[in-house]
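The values are calculated or read from the model by the stated rules, or taken from the named source; none is laboratory data. Because the structure is predicted, anything quoted here is derived from the model rather than measured. All Cβ positions, even for glycine, are placed from backbone atoms using ideal geometry, and neighbour counts span all protein chains on display.
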Amino acid sequence: MSNYVNRILDNLKRSCVGQDVFIQAATEVLFSLKPLLDKESKYEKHAILERITIPERAISFRVTYVDDNGKVQVNNGYRVQFNSAIGPYKGGLRFHPSVDLGVLKFLGFEQIFKNSLTGVAIGGGKGGSDFDPKGKSDNEIMRFCQNFMTELYRHIGNTTDVPAGDIGVGGREIGYLFGQYKKLTGLYDGILTGKGLNWGGSLARTEATGYGAVYFIDNMLKKAGLGLEGKKCAVSGSGNVAIYTVEKLAQLGAKAITVSDSNGFIYDPDGIDLALLKELKEVKRARLSEYVKSRPNAKYTPVSEYKPGTNGVWSVPCDGAFPSATQNELNLEDIKTLYANGCRFVSEGANMPSTLEAIEFMLSKKDFYFGPAKAANAGGVATSGLEMMQNAGMTSWSFDEVDSKLKGIMKHIFELSYETSVEFGEAGNLVLGSNIAGFRKVADAMIDQGYV
Ligand code: NDP
(Lines give C-alpha, C1' and ligand atoms only; values in the text may rest on other atoms or scores of the structure.)
Protein backbone atom coordinates (compact mmCIF):
# COMPACT_ATOMS: atom_id res chain seq x y z
CA MET A 1 0.00 0.00 0.00
CA SER A 2 2.95 2.32 0.54
CA ASN A 3 3.38 1.99 -3.22
CA TYR A 4 -0.02 3.63 -3.58
CA VAL A 5 1.13 6.71 -1.61
CA ASN A 6 4.47 6.89 -3.46
CA ARG A 7 2.75 6.58 -6.84
CA ILE A 8 0.32 9.42 -6.06
CA LEU A 9 3.10 11.67 -4.76
CA ASP A 10 5.23 10.96 -7.85
CA ASN A 11 2.27 11.89 -10.06
CA LEU A 12 1.68 15.09 -8.09
CA LYS A 13 5.34 16.08 -8.40
CA ARG A 14 5.03 15.67 -12.17
CA SER A 15 1.70 17.47 -12.57
CA CYS A 16 2.19 20.28 -10.03
CA VAL A 17 5.60 21.64 -11.00
CA GLY A 18 6.49 24.76 -8.98
CA GLN A 19 3.77 24.10 -6.37
CA ASP A 20 6.28 23.13 -3.67
CA VAL A 21 4.16 24.02 -0.65
CA PHE A 22 1.26 21.99 -2.03
CA ILE A 23 3.56 18.98 -2.51
CA GLN A 24 4.85 19.49 1.05
CA ALA A 25 1.30 19.50 2.47
CA ALA A 26 0.31 16.44 0.42
CA THR A 27 3.47 14.58 1.50
CA GLU A 28 2.74 15.20 5.18
CA VAL A 29 -0.87 14.03 4.90
CA LEU A 30 -0.34 11.05 2.59
CA PHE A 31 2.60 9.57 4.50
CA SER A 32 0.66 9.63 7.74
CA LEU A 33 -2.27 7.85 6.06
CA LYS A 34 -0.19 4.76 5.31
CA PRO A 35 -1.36 2.72 8.36
CA LEU A 36 -5.00 3.35 7.37
CA LEU A 37 -4.38 2.50 3.71
CA ASP A 38 -2.60 -0.72 4.76
CA LYS A 39 -5.65 -1.71 6.79
CA GLU A 40 -8.42 -0.67 4.37
CA SER A 41 -8.10 -1.47 0.66
CA LYS A 42 -11.32 0.38 -0.23
CA TYR A 43 -9.59 3.76 -0.48
CA GLU A 44 -7.27 2.59 -3.26
CA LYS A 45 -10.10 0.68 -4.96
CA HIS A 46 -12.18 3.87 -5.12
CA ALA A 47 -9.16 5.97 -6.22
CA ILE A 48 -9.59 8.29 -3.24
CA LEU A 49 -6.03 9.62 -3.16
CA GLU A 50 -6.12 10.34 -6.89
CA ARG A 51 -9.36 12.28 -6.43
CA ILE A 52 -8.77 14.01 -3.11
CA THR A 53 -5.49 15.58 -4.28
CA ILE A 54 -7.12 17.36 -7.24
CA PRO A 55 -9.41 20.33 -6.50
CA GLU A 56 -12.98 19.88 -7.67
CA ARG A 57 -12.53 23.31 -9.26
CA ALA A 58 -9.89 26.09 -9.28
CA ILE A 59 -11.09 29.46 -10.47
CA SER A 60 -8.58 32.10 -11.57
CA PHE A 61 -9.48 35.66 -12.51
CA ARG A 62 -8.12 39.15 -13.11
CA VAL A 63 -8.71 41.97 -10.62
CA THR A 64 -8.13 45.52 -11.82
CA TYR A 65 -8.47 48.76 -9.86
CA VAL A 66 -7.26 52.34 -10.08
CA ASP A 67 -4.97 53.45 -7.22
CA ASP A 68 -5.01 56.85 -5.49
CA ASN A 69 -2.51 58.22 -8.03
CA GLY A 70 -4.80 57.31 -10.93
CA LYS A 71 -2.58 54.39 -11.98
CA VAL A 72 -4.15 51.12 -13.15
CA GLN A 73 -3.20 48.18 -10.89
CA VAL A 74 -3.71 44.56 -11.93
CA ASN A 75 -3.67 41.48 -9.70
CA ASN A 76 -4.43 37.76 -9.87
CA GLY A 77 -7.47 36.47 -8.00
CA TYR A 78 -8.27 32.82 -7.18
CA ARG A 79 -10.74 30.53 -5.49
CA VAL A 80 -9.80 26.88 -5.06
CA GLN A 81 -12.92 24.76 -4.37
CA PHE A 82 -11.11 21.66 -3.19
CA ASN A 83 -13.60 19.22 -1.74
CA SER A 84 -17.35 19.37 -1.00
CA ALA A 85 -17.94 15.76 0.14
CA ILE A 86 -19.13 16.72 3.63
CA GLY A 87 -20.45 20.24 3.10
CA PRO A 88 -20.12 23.54 1.21
CA TYR A 89 -16.56 24.72 0.52
CA LYS A 90 -15.25 26.73 3.46
CA GLY A 91 -11.92 28.46 3.90
CA GLY A 92 -10.38 31.92 4.02
CA LEU A 93 -9.16 34.46 1.51
CA ARG A 94 -5.48 35.48 1.71
CA PHE A 95 -4.20 38.78 0.31
CA HIS A 96 -0.39 38.64 0.23
CA PRO A 97 2.20 39.11 -2.54
CA SER A 98 3.34 35.47 -2.11
CA VAL A 99 -0.10 34.09 -3.09
CA ASP A 100 -0.26 31.86 -6.16
CA LEU A 101 -2.19 28.75 -7.13
CA GLY A 102 0.29 26.44 -5.34
CA VAL A 103 -0.07 28.32 -2.04
CA LEU A 104 -3.87 28.22 -2.26
CA LYS A 105 -3.87 24.52 -3.19
CA PHE A 106 -1.76 23.79 -0.07
CA LEU A 107 -4.11 25.81 2.11
CA GLY A 108 -7.27 24.38 0.50
CA PHE A 109 -5.97 20.81 0.83
CA GLU A 110 -5.20 21.26 4.54
CA GLN A 111 -8.61 22.85 5.00
CA ILE A 112 -10.43 19.68 3.85
CA PHE A 113 -9.13 17.63 6.78
CA LYS A 114 -9.21 20.47 9.30
CA ASN A 115 -12.85 21.19 8.56
CA SER A 116 -13.69 17.51 8.81
CA LEU A 117 -12.11 17.34 12.28
CA THR A 118 -14.31 20.16 13.61
CA GLY A 119 -17.44 18.04 13.34
CA VAL A 120 -19.19 20.88 11.46
CA ALA A 121 -20.58 19.99 8.00
CA ILE A 122 -18.15 22.01 5.87
CA GLY A 123 -15.94 21.10 2.90
CA GLY A 124 -12.54 22.60 2.07
CA GLY A 125 -11.61 25.61 -0.05
CA LYS A 126 -9.31 28.61 -0.07
CA GLY A 127 -8.86 31.75 -2.15
CA GLY A 128 -7.10 35.05 -2.38
CA SER A 129 -4.87 37.32 -4.38
CA ASP A 130 -1.27 38.45 -4.78
CA PHE A 131 -2.55 41.95 -3.86
CA ASP A 132 -0.52 43.47 -1.00
CA PRO A 133 -2.70 45.49 1.41
CA LYS A 134 0.39 46.89 3.17
CA GLY A 135 0.79 50.63 2.62
CA LYS A 136 -2.51 50.97 0.72
CA SER A 137 -5.10 53.58 1.66
CA ASP A 138 -8.55 52.54 2.92
CA ASN A 139 -10.05 53.61 -0.40
CA GLU A 140 -7.58 51.51 -2.38
CA ILE A 141 -8.35 48.49 -0.19
CA MET A 142 -12.08 49.10 -0.69
CA ARG A 143 -11.80 49.38 -4.48
CA PHE A 144 -9.67 46.25 -4.65
CA CYS A 145 -12.11 44.25 -2.47
CA GLN A 146 -15.08 45.43 -4.53
CA ASN A 147 -13.45 44.42 -7.80
CA PHE A 148 -12.32 41.08 -6.33
CA MET A 149 -15.93 40.34 -5.30
CA THR A 150 -17.27 41.43 -8.69
CA GLU A 151 -15.59 38.29 -10.07
CA LEU A 152 -15.94 36.00 -7.06
CA TYR A 153 -19.65 36.50 -6.33
CA ARG A 154 -20.85 34.23 -9.17
CA HIS A 155 -18.94 31.26 -7.70
CA ILE A 156 -20.00 31.45 -4.04
CA GLY A 157 -23.23 31.09 -2.05
CA ASN A 158 -24.29 30.22 1.48
CA THR A 159 -24.90 26.57 0.57
CA THR A 160 -22.07 26.30 -1.99
CA ASP A 161 -18.97 28.18 -0.85
CA VAL A 162 -18.52 30.49 2.16
CA PRO A 163 -15.15 32.34 2.30
CA ALA A 164 -13.64 34.05 5.37
CA GLY A 165 -10.45 35.97 6.26
CA ASP A 166 -6.81 34.88 6.43
CA ILE A 167 -3.50 36.75 6.12
CA GLY A 168 -4.23 40.31 4.94
CA VAL A 169 -8.00 39.85 5.14
CA GLY A 170 -9.53 40.98 8.44
CA GLY A 171 -12.75 42.67 9.50
CA ARG A 172 -12.24 45.71 7.25
CA GLU A 173 -11.77 43.64 4.08
CA ILE A 174 -14.65 41.27 4.93
CA GLY A 175 -16.87 44.37 5.25
CA TYR A 176 -15.98 45.70 1.80
CA LEU A 177 -16.35 42.23 0.24
CA PHE A 178 -19.73 41.70 1.92
CA GLY A 179 -21.01 45.12 0.85
CA GLN A 180 -20.17 44.44 -2.78
CA TYR A 181 -21.70 40.92 -2.70
CA LYS A 182 -24.93 42.42 -1.37
CA LYS A 183 -24.96 45.13 -4.02
CA LEU A 184 -24.40 42.67 -6.86
CA THR A 185 -26.92 40.04 -5.75
CA GLY A 186 -29.41 41.95 -3.63
CA LEU A 187 -29.09 39.15 -1.07
CA TYR A 188 -28.43 39.55 2.64
CA ASP A 189 -26.81 36.13 2.96
CA GLY A 190 -24.27 34.84 5.46
CA ILE A 191 -21.98 34.54 2.47
CA LEU A 192 -18.78 35.39 4.36
CA THR A 193 -17.76 34.67 7.93
CA GLY A 194 -15.77 37.01 10.15
CA LYS A 195 -18.47 39.66 9.62
CA GLY A 196 -18.90 42.72 11.86
CA LEU A 197 -21.01 42.19 14.97
CA ASN A 198 -23.69 44.65 13.79
CA TRP A 199 -24.24 42.86 10.50
CA GLY A 200 -24.28 39.11 11.09
CA GLY A 201 -20.92 38.39 12.71
CA SER A 202 -20.40 36.11 15.68
CA LEU A 203 -19.00 37.11 19.02
CA ALA A 204 -15.65 35.33 19.67
CA ARG A 205 -14.93 34.70 15.96
CA THR A 206 -12.09 37.26 16.06
CA GLU A 207 -10.56 35.51 19.07
CA ALA A 208 -11.29 31.94 17.99
CA THR A 209 -8.14 30.77 16.19
CA GLY A 210 -5.69 32.06 18.81
CA TYR A 211 -7.88 30.95 21.71
CA GLY A 212 -8.35 27.56 20.05
CA ALA A 213 -4.60 26.97 19.61
CA VAL A 214 -4.14 27.57 23.34
CA TYR A 215 -7.13 25.38 24.32
CA PHE A 216 -5.77 22.62 22.13
CA ILE A 217 -2.31 22.45 23.73
CA ASP A 218 -3.88 22.86 27.17
CA ASN A 219 -5.84 19.64 26.51
CA MET A 220 -2.70 17.91 25.29
CA LEU A 221 -0.61 18.97 28.28
CA LYS A 222 -3.36 18.04 30.75
CA LYS A 223 -3.53 14.55 29.25
CA ALA A 224 0.18 14.21 30.16
CA GLY A 225 -0.43 15.56 33.68
CA LEU A 226 1.10 18.95 32.82
CA GLY A 227 -0.34 22.45 32.43
CA LEU A 228 0.16 25.93 30.98
CA GLU A 229 0.26 27.77 34.28
CA GLY A 230 3.51 29.72 34.71
CA LYS A 231 4.84 28.73 31.28
CA LYS A 232 6.85 31.23 29.20
CA CYS A 233 5.83 31.08 25.58
CA ALA A 234 7.31 32.36 22.31
CA VAL A 235 4.67 33.53 19.83
CA SER A 236 5.42 34.48 16.22
CA GLY A 237 3.33 36.86 14.13
CA SER A 238 1.41 39.87 15.42
CA GLY A 239 -1.83 39.53 13.48
CA ASN A 240 -5.18 38.06 14.37
CA VAL A 241 -3.99 34.62 15.46
CA ALA A 242 -0.94 35.86 17.40
CA ILE A 243 -2.82 38.59 19.30
CA TYR A 244 -5.50 36.24 20.64
CA THR A 245 -2.94 33.54 21.43
CA VAL A 246 -1.15 36.11 23.62
CA GLU A 247 -4.49 37.04 25.24
CA LYS A 248 -5.57 33.48 26.06
CA LEU A 249 -2.12 32.53 27.37
CA ALA A 250 -2.34 35.40 29.87
CA GLN A 251 -5.86 34.34 30.88
CA LEU A 252 -4.63 30.81 31.61
CA GLY A 253 -1.69 31.97 33.73
CA ALA A 254 1.04 31.63 31.09
CA LYS A 255 3.11 34.46 29.62
CA ALA A 256 3.85 35.31 25.98
CA ILE A 257 7.32 36.85 25.75
CA THR A 258 7.69 37.36 21.98
CA VAL A 259 5.74 38.49 18.90
CA SER A 260 7.04 39.16 15.38
CA ASP A 261 6.25 40.47 11.92
CA SER A 262 8.00 40.14 8.57
CA ASN A 263 10.57 42.80 9.57
CA GLY A 264 11.68 41.54 13.00
CA PHE A 265 10.67 40.32 16.44
CA ILE A 266 10.03 41.72 19.92
CA TYR A 267 11.31 40.08 23.10
CA ASP A 268 9.59 41.45 26.17
CA PRO A 269 10.83 39.63 29.30
CA ASP A 270 7.97 41.13 31.37
CA GLY A 271 5.38 39.59 29.06
CA ILE A 272 3.89 41.10 25.90
CA ASP A 273 1.74 44.14 26.70
CA LEU A 274 -1.53 43.07 25.11
CA ALA A 275 -3.23 46.48 25.18
CA LEU A 276 -0.22 48.07 23.46
CA LEU A 277 -0.05 45.26 20.89
CA LYS A 278 -3.75 45.67 20.05
CA GLU A 279 -3.42 49.45 19.83
CA LEU A 280 -0.46 49.18 17.43
CA LYS A 281 -1.78 46.38 15.21
CA GLU A 282 -5.59 46.66 15.34
CA VAL A 283 -6.06 50.41 15.66
CA LYS A 284 -2.97 52.15 14.23
CA ARG A 285 -1.93 49.35 11.82
CA ALA A 286 1.65 50.28 12.78
CA ARG A 287 4.82 48.22 12.42
CA LEU A 288 5.90 46.15 15.41
CA SER A 289 9.16 48.08 15.80
CA GLU A 290 7.02 50.87 17.37
CA TYR A 291 6.39 48.61 20.40
CA VAL A 292 9.75 49.33 22.08
CA LYS A 293 9.05 53.07 22.19
CA SER A 294 6.52 52.42 24.97
CA ARG A 295 8.30 49.43 26.57
CA PRO A 296 11.93 50.27 27.39
CA ASN A 297 12.64 46.76 28.77
CA ALA A 298 11.63 45.13 25.50
CA LYS A 299 14.09 44.49 22.66
CA TYR A 300 13.42 44.65 18.92
CA THR A 301 15.61 42.53 16.64
CA PRO A 302 15.34 43.20 12.90
CA VAL A 303 15.44 40.33 10.39
CA SER A 304 18.86 41.53 9.20
CA GLU A 305 20.28 40.41 12.58
CA TYR A 306 18.81 36.87 12.47
CA LYS A 307 21.30 34.02 12.12
CA PRO A 308 21.12 33.12 8.41
CA GLY A 309 18.63 30.31 7.69
CA THR A 310 16.82 30.71 11.01
CA ASN A 311 13.87 32.66 12.41
CA GLY A 312 15.14 34.90 15.24
CA VAL A 313 11.94 34.62 17.26
CA TRP A 314 12.77 30.97 18.03
CA SER A 315 16.16 31.85 19.55
CA VAL A 316 14.51 33.08 22.76
CA PRO A 317 14.48 30.46 25.57
CA CYS A 318 10.89 29.42 26.38
CA ASP A 319 8.77 26.51 27.62
CA GLY A 320 6.50 26.38 24.56
CA ALA A 321 6.11 27.93 21.12
CA PHE A 322 3.12 29.13 19.10
CA PRO A 323 4.04 29.72 15.44
CA SER A 324 1.24 32.05 14.33
CA ALA A 325 2.54 33.90 11.25
CA THR A 326 2.97 31.86 8.08
CA GLN A 327 4.10 28.60 6.42
CA ASN A 328 7.61 27.18 6.91
CA GLU A 329 8.57 29.70 9.59
CA LEU A 330 10.00 27.01 11.90
CA ASN A 331 12.68 24.75 10.43
CA LEU A 332 14.89 21.95 11.76
CA GLU A 333 17.55 24.31 13.08
CA ASP A 334 14.90 26.46 14.79
CA ILE A 335 13.32 23.48 16.56
CA LYS A 336 16.71 22.15 17.64
CA THR A 337 17.47 25.56 19.19
CA LEU A 338 14.06 25.69 20.87
CA TYR A 339 14.49 22.17 22.27
CA ALA A 340 18.04 22.84 23.51
CA ASN A 341 16.71 25.96 25.27
CA GLY A 342 14.03 23.97 27.12
CA CYS A 343 10.98 24.25 24.86
CA ARG A 344 8.79 21.16 25.20
CA PHE A 345 5.60 21.97 23.28
CA VAL A 346 4.49 23.58 20.02
CA SER A 347 0.93 24.49 19.06
CA GLU A 348 0.61 25.57 15.43
CA GLY A 349 -1.69 28.60 15.04
CA ALA A 350 -0.50 29.25 11.48
CA ASN A 351 -1.02 26.84 8.59
CA MET A 352 1.95 24.49 8.02
CA PRO A 353 4.40 26.71 9.96
CA SER A 354 6.80 23.80 10.62
CA THR A 355 8.86 22.16 7.89
CA LEU A 356 8.63 18.37 7.40
CA GLU A 357 12.09 17.96 9.02
CA ALA A 358 11.06 20.02 12.06
CA ILE A 359 7.91 17.90 12.47
CA GLU A 360 9.94 14.71 12.26
CA PHE A 361 12.25 16.05 15.01
CA MET A 362 9.32 16.93 17.30
CA LEU A 363 7.68 13.53 16.81
CA SER A 364 10.96 11.75 17.58
CA LYS A 365 11.16 13.26 21.08
CA LYS A 366 9.23 11.38 23.75
CA ASP A 367 9.17 14.43 26.04
CA PHE A 368 7.73 16.79 23.40
CA TYR A 369 4.07 17.71 22.77
CA PHE A 370 3.21 18.76 19.23
CA GLY A 371 -0.20 20.15 18.22
CA PRO A 372 -0.29 20.13 14.39
CA ALA A 373 -1.99 23.00 12.55
CA LYS A 374 -4.99 21.25 11.14
CA ALA A 375 -6.04 20.24 14.64
CA ALA A 376 -4.64 23.10 16.74
CA ASN A 377 -5.84 26.02 14.59
CA ALA A 378 -9.23 24.55 13.65
CA GLY A 379 -10.96 26.80 16.20
CA GLY A 380 -11.23 29.64 13.68
CA VAL A 381 -13.08 27.73 11.03
CA ALA A 382 -15.14 25.90 13.65
CA THR A 383 -16.35 29.26 14.96
CA SER A 384 -17.03 30.35 11.39
CA GLY A 385 -19.29 27.29 11.29
CA LEU A 386 -20.98 28.61 14.46
CA GLU A 387 -21.41 31.99 12.73
CA MET A 388 -23.12 30.21 9.80
CA MET A 389 -25.44 28.42 12.25
CA GLN A 390 -26.38 31.71 13.94
CA ASN A 391 -27.04 33.33 10.54
CA ALA A 392 -29.21 30.40 9.43
CA GLY A 393 -31.21 30.60 12.66
CA MET A 394 -31.38 34.43 12.50
CA THR A 395 -30.05 34.58 16.02
CA SER A 396 -26.90 35.51 17.90
CA TRP A 397 -25.27 33.82 20.85
CA SER A 398 -23.41 35.45 23.74
CA PHE A 399 -19.60 35.57 23.86
CA ASP A 400 -19.54 32.97 26.63
CA GLU A 401 -21.84 30.63 24.72
CA VAL A 402 -19.65 30.72 21.59
CA ASP A 403 -16.43 30.49 23.62
CA SER A 404 -17.71 27.50 25.53
CA LYS A 405 -18.72 25.76 22.27
CA LEU A 406 -15.23 26.55 20.91
CA LYS A 407 -13.64 25.05 23.99
CA GLY A 408 -15.78 21.92 23.57
CA ILE A 409 -14.86 21.63 19.90
CA MET A 410 -11.12 21.92 20.63
CA LYS A 411 -11.44 19.22 23.29
CA HIS A 412 -13.30 17.01 20.82
CA ILE A 413 -10.62 17.56 18.14
CA PHE A 414 -7.86 16.71 20.61
CA GLU A 415 -9.62 13.57 21.81
CA LEU A 416 -10.50 12.38 18.31
CA SER A 417 -6.90 12.92 17.12
CA TYR A 418 -5.48 11.27 20.24
CA GLU A 419 -7.82 8.26 20.10
CA THR A 420 -7.03 7.77 16.42
CA SER A 421 -3.29 7.87 17.18
CA VAL A 422 -3.87 5.14 19.78
CA GLU A 423 -6.00 3.09 17.34
CA PHE A 424 -3.09 3.03 14.89
CA GLY A 425 -0.45 2.18 17.51
CA GLU A 426 1.24 5.59 17.73
CA ALA A 427 -0.22 7.11 20.90
CA GLY A 428 0.39 10.87 21.01
CA ASN A 429 1.38 11.24 17.34
CA LEU A 430 -1.33 13.77 16.53
CA VAL A 431 -0.04 14.36 13.00
CA LEU A 432 -1.06 10.80 12.23
CA GLY A 433 -4.15 10.97 14.44
CA SER A 434 -5.56 14.19 12.99
CA ASN A 435 -4.75 13.32 9.38
CA ILE A 436 -6.36 9.88 9.57
CA ALA A 437 -9.42 11.08 11.50
CA GLY A 438 -9.96 14.03 9.14
CA PHE A 439 -9.37 11.96 6.00
CA ARG A 440 -11.50 8.95 6.93
CA LYS A 441 -14.72 10.95 7.23
CA VAL A 442 -14.24 12.77 3.92
CA ALA A 443 -13.06 9.67 2.05
CA ASP A 444 -16.01 7.59 3.26
CA ALA A 445 -18.40 10.37 2.16
CA MET A 446 -16.72 10.38 -1.28
CA ILE A 447 -17.22 6.62 -1.57
CA ASP A 448 -20.91 6.97 -0.60
CA GLN A 449 -21.42 9.69 -3.23
CA GLY A 450 -19.96 7.74 -6.18
CA TYR A 451 -17.41 8.70 -8.80
CA VAL A 452 -17.93 12.44 -9.23
P1 NDP B 1 -2.76 38.42 9.80
O2 NDP B 1 -2.68 39.00 8.45
O3 NDP B 1 -3.68 38.99 10.79
O4 NDP B 1 -1.30 38.41 10.46
C5 NDP B 1 -0.23 37.74 9.84
C6 NDP B 1 1.01 37.95 10.69
O7 NDP B 1 2.04 37.10 10.20
C8 NDP B 1 1.54 39.37 10.61
O9 NDP B 1 2.21 39.68 11.80
C10 NDP B 1 2.53 39.28 9.46
O11 NDP B 1 3.56 40.25 9.48
C12 NDP B 1 3.11 37.90 9.68
N13 NDP B 1 3.57 37.35 8.40
C14 NDP B 1 2.82 37.10 7.31
N15 NDP B 1 3.58 36.63 6.31
C16 NDP B 1 4.82 36.59 6.80
C17 NDP B 1 6.07 36.20 6.25
N18 NDP B 1 6.15 35.74 5.00
N19 NDP B 1 7.17 36.27 7.06
C20 NDP B 1 7.07 36.73 8.33
N21 NDP B 1 5.91 37.12 8.90
C22 NDP B 1 4.82 37.05 8.15
O23 NDP B 1 -3.05 36.85 9.56
P24 NDP B 1 -3.64 35.80 10.57
O25 NDP B 1 -3.17 36.06 11.94
O26 NDP B 1 -5.09 35.69 10.31
O27 NDP B 1 -2.99 34.45 10.02
C28 NDP B 1 -1.73 33.95 10.50
C29 NDP B 1 -1.62 32.47 10.16
O30 NDP B 1 -2.71 31.76 10.78
C31 NDP B 1 -1.70 32.12 8.68
O32 NDP B 1 -0.89 30.99 8.43
C33 NDP B 1 -3.16 31.73 8.49
O34 NDP B 1 -3.37 30.88 7.37
C35 NDP B 1 -3.41 30.99 9.79
N36 NDP B 1 -4.79 30.85 10.20
C37 NDP B 1 -5.59 31.96 10.39
C38 NDP B 1 -6.90 31.80 10.78
C39 NDP B 1 -7.77 32.96 11.12
O40 NDP B 1 -8.87 32.73 11.64
N41 NDP B 1 -7.35 34.19 10.89
C42 NDP B 1 -7.50 30.44 10.92
C43 NDP B 1 -6.56 29.37 10.79
C44 NDP B 1 -5.27 29.58 10.40
P45 NDP B 1 3.54 41.47 8.43
O46 NDP B 1 2.47 42.39 8.95
O47 NDP B 1 4.90 42.04 8.48
O48 NDP B 1 3.21 40.87 7.10
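Quick notes on this structure:
- Among the residues of the range 144-164, those that are part of a helix (DSSP H, G or I) and buried (at least 20 other Cβ atoms within 10 Å of the Cβ) comprise PHE144, CYS145, ASN147, PHE148, MET149, LEU152.
- For the range 359-378, the condition holds for no residue, the condition being that it is aliphatic (A, V, I, L, M), touching a Cys at 6+ places or on another chain (Cβ under 8 Å) and surrounded by 23 or more Cβ atoms within 10 Å (Cβ to Cβ).
Yes/no matrix, rows are residues, columns are (1) part of a helix (DSSP H, G or I); (2) touching a Leu at 6+ places or on another chain (Cβ under 9 Å):
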{"residue": "GLY380", "(1), (2)": "yes, no"}
{"residue": "MET389", "(1), (2)": "yes, no"}
{"residue": "MET394", "(1), (2)": "no, no"}
{"residue": "ASP403", "(1), (2)": "yes, yes"}
{"residue": "ILE409", "(1), (2)": "yes, yes"}
{"residue": "LEU432", "(1), (2)": "yes, yes"}
{"residue": "LYS441", "(1), (2)": "yes, yes"}
{"residue": "ASP444", "(1), (2)": "yes, no"}
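- Picking from residues in the range 185-205 that are of a type in the set (Ser, Thr, Tyr) and out of contact with any Ser or Thr (no Cβ under 9 Å at 6 or more places or on another chain), the one that is nearest to ILE409 (Cα to Cα) is TYR188.
- The range 367-381 - residue that is more than 10 Å from the ligand (Cβ to nearest atom) and touching a residue at least 40 places away in the same chain (Cβ under 8 Å) and, of those, farthest from GLY92 (Cα to Cα): TYR369
- Residue in the range 383-400 that is more than 30 Å from ASN198 (Cβ to Cβ) and either touching an Asp or Glu at 6+ places or on another chain (Cβ under 9 Å) or away from the ligand (no atom under 16 Å from the Cβ) (or both) present: no
- Being touching a strand residue (DSSP E or B) at 6+ places or on another chain (Cβ under 7 Å) and either assigned by TED's automatic domain parsing to the domain that holds LEU107 or not basic (Lys, Arg) (or both) holds for only one residue in SER364, SER396, SER347, SER404, and it is SER347.
So that you can scan it fast, the table gives a plain yes or no per residue for (1) of a type outside the set (D, E, K, R); (2) in contact with a Gly (Cβ under 6 Å, 6 or more places away or on another chain); (3) in contact (Cβ under 8 Å) with a residue 12 or more places away in the chain:
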residue	(1), (2), (3)
ASP132	no, no, yes
ASP138	no, no, yes
LEU152	yes, no, yes
ILE174	yes, yes, yes
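- Applying the criterion of being among the polar types (S, T, N, Q) and touching a residue at least 24 places away in the same chain (Cβ under 8 Å) to the residues of the range 260-303, the residue that is nearest to GLY237 (Cα to Cα) is SER260.
- Meeting the requirement of 2 or more residues that are exposed (fewer than 14 other Cβ atoms within 10 Å of the Cβ), assigned by TED's automatic domain parsing to the domain that holds ILE156 and of a type in the set (D, E, K, R), the helices (runs of 4 or more DSSP H) wholly within the range 8-84 are 34-39, 42-45.
- Residue match in the range 248-267 (condition: assigned to a helix (DSSP H, G or I), more than 9 Å from the ligand (Cβ to nearest atom) and in contact with a strand residue (DSSP E or B) (Cβ under 8 Å, 6 or more places away or on another chain)): yes
- Among the residues listed as ALA325, ALA321, ALA358, ALA286, the single one being assigned to a strand (DSSP E or B) and among the small types (Gly, Ala, Ser): ALA321
- Within the range 200-216, considering residues that are within 16 Å of the ligand (Cβ to nearest atom) and outside any helix (DSSP H, G or I), the one nearest to the chain's Cα centre (by Cα): ALA204
- Pick from the range 173-188, criterion among the small types (Gly, Ala, Ser) and more than 21 Å from the chain's Cα centre (by Cα), ranking: nearest to ARG143 (Cα to Cα): GLY179
- Residue check, ASN219 closer than 30 Å to MET149 by Cα, in a helix (DSSP H, G or I) and away from the ligand (no atom under 16 Å from the Cβ): no
- Condition met for SER364 (within 16 Å of the ligand (Cβ to nearest atom) and without any contact (Cβ under 8 Å) to a residue 40 or more places away in the chain): no
- From GLY175, GLY179, GLY230, residue being in a loop (DSSP other than H, G, I, E, B), out of contact with any Ser or Thr (no Cβ under 7 Å at 6 or more places or on another chain) and either among the β-branched types (Val, Ile, Thr) or surrounded by fewer than 23 Cβ atoms within 10 Å (Cβ to Cβ) (or both): GLY230
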